[in-house]
Amino acid sequence: MRDVAVIGAGMTKFVRRAQETPKELAFHAARMALDSCGLDIKDIDCVIHGTAPDAFDGMHMKGEYLLDGSGGFGKPYLRCYVGGGTGVFAPICAWYHLASGKFDTALVVCEEKMSSCQPHPQAAFISIFDHTTERPLLPNLLWIFALEQQRYMARYGLTVRDIAPVSVKNKRNALDHPCAQLGADLTVDDILASPLVAWPVHRLMVSPTSDGAAAVVMAAEPKAQRISDQPVWMQGVGWCLASSYWTNRDLYYPAYVEQAAWMAYKMAGVTEPRKQINIAEPYDPFAYKELHHLEGLQLAPKGKAPELLAQGVFNRDGDLPACPSGGLLGVGNPIAAAGMMKICELFWQMRGEAGKRQVPGTPERGVAQAWGDLMQVGTVTVMGTKKPHG
Amino acid sequence: MSVKITNWPGTEVTLEQIQRGDITAIPYAPRAEYAWDTGVAIRKYLEALRDGYLLGVRCPRCDRTVIPPRAFCELCFSSAIEYVPLQDTGTVNTFSLCYVTWDVQWITEPLVPAVIEIDGASEGMGILHLLGEVDPQAVKTGLRVEAVWKTKRSRQGAITDIKYFRPVRGK
């Protein structure tokens with residue numbers, strides 16, 4: 001297997017509603033990623049596209065629709081999809097295209113335009129529930145997050161106040177992100193004063209719906225080093241899905257995220273994640289999810305992430321910065337593009353190019369993670385400045 | 001080169017711009033109709049609901065009883081399962097008080113969705129349903145609940161043949 005690196009990155013602003021079409025958004029992110037490493041589309045061997053439910057766009061074969069904007073014309077092209085986990089799964093797909101030796105370069109583009117779904121994209125989510133046993137109860141997406149957060153809190157005796165600081169931290173981090181939709185300087189009291197949408201979830205603990213795109217260029221050795229003097233290596237990849245019988249699982253802990261994390265850590269030679277990971281971009285569509293995922297990623301003991309959060313461990317200048325980008329809560333959540341934004345953030349952070357968001361010291365190894373489907377998928381990549389095989 | 005980029009692409013539009021006609025959008029309302037076959041296991045589940053009881057399946061190999069029923073065990077991947085009637089009582093595993101409907105309308109009286117672990121199934125095996133006849137503020141994990149059925153005549157073989165679950169009285 002060959003070593004594979006990220007060598008370029010780009011993204012659009014994340015906004016509630018973009019004037020651009022999905023194709024145009026995809027193009028802008030892809031073009032920026034290519035320009036950032038001095039490549040053109042003719043230098044790209046294969047294209048991976050990630051985008052989440054077709055229902056947002058009201059368009060079937062969305063992958064094919066997005067092909068031209070993603071630079072896929074006349075090339076081996078794959079649209080991959082694991083719900084919210086897609087944005088971190090797309091670079092994993094690119095990794096095996098390249099590690100296998102079949103291709104040397106890949107353009108990886110993730111795009112989402114949720115605003116097309118009227119009057120609110122939330123309604124598109126009813127179709128993720130079982131059509132016979134659940135949908136007649138008229139569920140919405142808030143239910144499953146609220147049910148999971150309540151289970152997590154009940155298991156460890158946590159309060160909403162223990163969880164709200166995630167929103168404060170991420171929205172504040174996002175003030176320094178030029179593409180952010182919801183950067184804000186708020187207090188825990190502000191979060192708790194926002195409307196209760198579904199106990200125990202307050203409105204400011206929920207990421208927004210967004211339009212946007214993000215992209216990276218990836219290359220296999222030895223081309224990666226020839227093109228880039230600062231490649232950021234894919235040291236480990238992991239992914240895993242739990243049962244779709246979600247009412248038969250204990251929601252307090254994402255065991256499938258742990259499984260995906262260990263798959264990636266094992267490949268990366270990480271045996272003590274808390275010591276060997278310098279920076280983390282866990283998936284944070286809701287405030288508690290960041291804590292849930294930090295535990296699944298083995299970056300906090302079970303039930304202890306809120307305590308570490310309170311101690312400032314996950315602050316941008318803490319021992320283990322988590323979501324220094326601002327995350328989905330701050331930068332925004334155009335689903336697949338949001339996961340890819342995390343890959344871009346690790347790339348920029350490890351090259352010292354994150355500007356005002358730059359974490360102190362030089363992070364050598366980071367982990368990005370996304371999550372989704374019916375609370376059942378974990379996708380994990382470990383990225384680092386060191387080439388895995390010397 | 002994040003630090004060197006000053007002009008990030010992407011143009012935000014506002015509702016006002018669209019209402020003024022500065023930005024154009026083409027409306028589309030899909031009309032898509034489906035008929036979902038219930039399959040083998042869920043058909044039995046729906047027939048049981050019509051008859052006023054909850055049905056699960058047991059995998060002898062895994063010694064695990066689950067609900068809703070499925071035609072195979074997803075753990076050992078065997079079709080050697082047995083259908084078993086369960087009780088219509090259970091324990092609240094987790095719940096929410098939801099102030100927003102599925103199509104994002106705000107409501108003042110919350111819906112109370114819950115995962116209810118069903119008596120007779122293995123530990124932790126629950127179904128999604130709603131709670132009713134309960135003070136939302138009194139709902140908690142561990143609450144004992146029972147199904148409130150529609151009348152026999154109005155049941156039609158659907159999960160909504162159970163109107164909701166309510167706290168078990170006097171216990």
- Item | Förster-model FRET efficiency, 25 Å R0, B:Val84 and A:Lys302, C-beta, rounded to 0.05 | 0.15
- Once phi for every residue in region A:92-106 is put through the Karplus expression 6.51 cos²θ - 1.76 cosθ + 1.60 (θ = phi - 60°), the whole-Hz ³J(HN,Hα) values, with Gly and Pro written as x, are 5, 4, 5, 4, 6, 4, 8, 4, 5, x, 5, 10, 9, 9, 9
- GluC sites (Glu not before Pro) within region B:1-94: which are DSSP loop residues with at most 13 other Cβ atoms inside 10 Å? B:Glu33
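Under the Kirkwood approximation for Rh and a Cα-based Rg, what ratio Rg/Rh is obtained for the protein assembly as shown?
Working: Rg = 23.7 Å, Rh = 24.2 Å.
Computed over Cα atoms, the ratio is 0.98.
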- Proximal lysines relative to A:Lys102, as straight alpha-carbon distance under 26 Å, when same-chain residues fewer than 8 apart are discounted: A:Lys42, A:Lys62, A:Lys75, A:Lys223, A:Lys266, A:Lys386, A:Lys387
- Task: Would you tell me the mean number of C-beta atoms belonging to other protein chains that fall within 10 Å of each C-beta in A:149-157, as a whole number?
- Result: 3
- Put a dot 7 Å past each Cα toward the Cβ at B:Asp63 and B:Arg153; how far apart are the dots in nm? 4.8
- Treating the Cα atoms of chain B as identical point scatterers in vacuum, please give the log10 of the normalised Debye intensity I(q)/I(0) at q = 0.15, 0.19 Å⁻¹, two decimals. -0.91, -1.28
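With N set to the residue count of region A:194-310, report its C-alpha Rg divided by 2.2 N^0.38 Å to two decimal places.
Numbers: Rg = 17.5 Å, N = 117, 2.2 N^0.38 = 13.4 Å.
For region A:194-310, the normalised Cα radius of gyration comes out at 1.30.
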- Query: Extent of region A:113-216 along each principal axis, from alpha carbon coordinates, in Å, largest to smallest?
  - Reply: 45, 39, 28
- Message: Taking every alpha carbon pair in region A:239-305, what does the distance histogram look like in 5 angstrom bins from 0, in percent?
- Response: 3, 17, 27, 27, 17, 7, 3, 0
- Task: At 7 Å along the Cα-to-beta-carbon direction for both B:Ile23 and B:Gln137, put a label point, then send me their distance in nm to one decimal.
- Result: 4.2
- Message: How charged is the neighbourhood of A:Ile41? Take every other residue with its Cβ under 14 Å from the Cβ of A:Ile41, and add Lys/Arg as +1 and Asp/Glu as -1.
- Response: -2
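Tally Lys/Arg at +1 and Asp/Glu at -1 over every other residue whose Cβ is under 11 Å from the Cβ of B:Arg155; what's the total?
On the way: positive: B:Arg50, B:Lys150, B:Lys152, B:Arg153, B:Lys163; negative: B:Glu47, B:Asp51, B:Asp161.
Net local charge, B:Arg155 excluded: +2.
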- Item | Counted charge near B:Thr38, where neighbours are those whose Cβ lies closer than 10 Å (Asp, Glu -1; Lys, Arg +1) | 0
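Readers should treat all values here as calculations from the given coordinates under stated rules, not as data from a laboratory. Remember, predicted model here, so these are calculated numbers, not experimental data. Here Cβ is always computed from backbone atoms with ideal geometry, including for glycine, and neighbour counts include all displayed protein chains.
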